[in-house]
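Derivation of every value follows stated rules applied to the coordinates shown; laboratory data play no part. Everything quoted here is computed from the prediction, not taken from an experiment. No Cβ is skipped: glycine too gets one built from the backbone with ideal geometry, and neighbour counts run over all protein chains shown.
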Amino acid sequence: MGTVTLGVSIAVPEPYGSLLQERRAGFGDPAAHGIPTHVTLLPPTEVDAAALPAIEVHLAGVAAAGRSFPMRLYGTGTFRPLSPVVFIQVVEGGSACSWLQQQVRDPAGPLVRELQFPYHPHVTVAHGIAEEAMDVAYEALADFEAAWLCGSFALYEQGQDGVWRKLREFVFGGGGGVVPPQSATQGVPAVP
């Protein structure tokens, strides 16, 4: 059956997701259109394809134990010089993301892995591009803001073409219906 490359993340909802994806492409990041805008819970991880059913059961259990929580993004940050990344900061919801990623990578589960860097929830908007373009991304999105109620996360698979595709969404348990997103378009910069 072979191996597959999986990732687990929280999608940044519309209109913010497409806007940030377009901005990322505009900064010259060639991977922009293959990566949906997200907050990572499990970075790209190669697993045996036969483990997919067990992984889905594990993630369903993580979601059932979780509850919806407010997410807010604001402003930019960078991991430079350690890593060539510019990102939008998670200013609310970060502790929930940290808890979720620990549950996803639970040592008793099928997605155990060490992280290359300490976990820091963020939304990448530029990765591995020229320093000048990184500076432009950092400045251009410095006032970016988005907020919503996070009610789920998803499992993605990276195709042979490098594009990430959603396999399944996992909705949090704990009750509650759908709540409309907060702060509809406040602070969203116009696409040039």
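Our summary of shape: the Cα atoms of the chain have principal axis extents of 44, 38, 27 Å, ordered from largest down, in whole angstrom. Loop-resident chymotrypsin sites (Phe, Trp or Tyr not before Pro) (DSSP state other than H, G, I, E or B) in region 93-176 with no more than 16 further Cβ atoms inside 10 Å of their Cβ: Y119. Between P13, P36, P107, the residue with the greatest mean-square fluctuation in the GNM of the chain (Cα pairs under 10 Å linked by springs) is P107.
Ranked by the mean number of other Cβ atoms within 10 Å per residue, highest first, peptides 71-83, 46-58 order as 71-83, 46-58. Once C-alpha pairs closer than 8 Å and six or more residues apart are averaged by separation and normalised to the residue number of the chain, the relative contact order reads 30 percent.
Once the Cα atoms are used to define both axes, helix 94-104 deviates from the longest principal axis of the chain by about 30 degrees. Comparing Cα centroids, region 83-108 and region 23-40 end up 18 angstrom apart.
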